[in-house]
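Asker: Sharing a structure below in structure tokens format, with a few things to ask.
Any read-out appearing in this document is the output of simple, stated calculations on the displayed coordinates, not a laboratory observation. This one's a predicted model, so the numbers in the text were calculated from it and none came from an experiment. As a convention, Cβ positions derive from the backbone with ideal geometry for all residues, glycine included, and neighbour counts pool all protein chains shown.
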Amino acid sequence: MKADERDELLIRLDGRTKHACELTEKQEKHLMVLNDRTLKLEMNVDRNHNRITRLEDMMSKLIESGVPLRLNKKQVIGGSSIISVIIAIAIALGTLAGWW
């Protein structure tokens, strides 16, 4: 191999090496962004799992213990009122959850 051919080969190899390094840096930056997104998604999944577990526990306690609904005279008279039933359920759930 002649000196001129060797020099051209070294120049080409140097350019390829530089290009490979630039691509590697871009890939590393992109990978950091993806890792951050993945971490946030994992935290959201864990948080949602904990919320669902708490709701399931609360609902199982509600089903096991039952909720005594005592209606007053006005509610008995307007017994077909959906609003009264919804309010009674909300109060019962709030009481079980410890809000009141």
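Asker: Can you tally the net charge around GLY98? Count Lys and Arg as +1, Asp and Glu as -1, for every other residue whose Cβ sits under 14 Å from the Cβ of GLY98.
Answerer: +1
Asker: On full extension of the chain, what length is gained from ASN48 through VAL85, given 0.36 nm per residue of separation minus the C-alpha to C-alpha distance?
Answerer: Additional length available on full extension: 10.4 nm.
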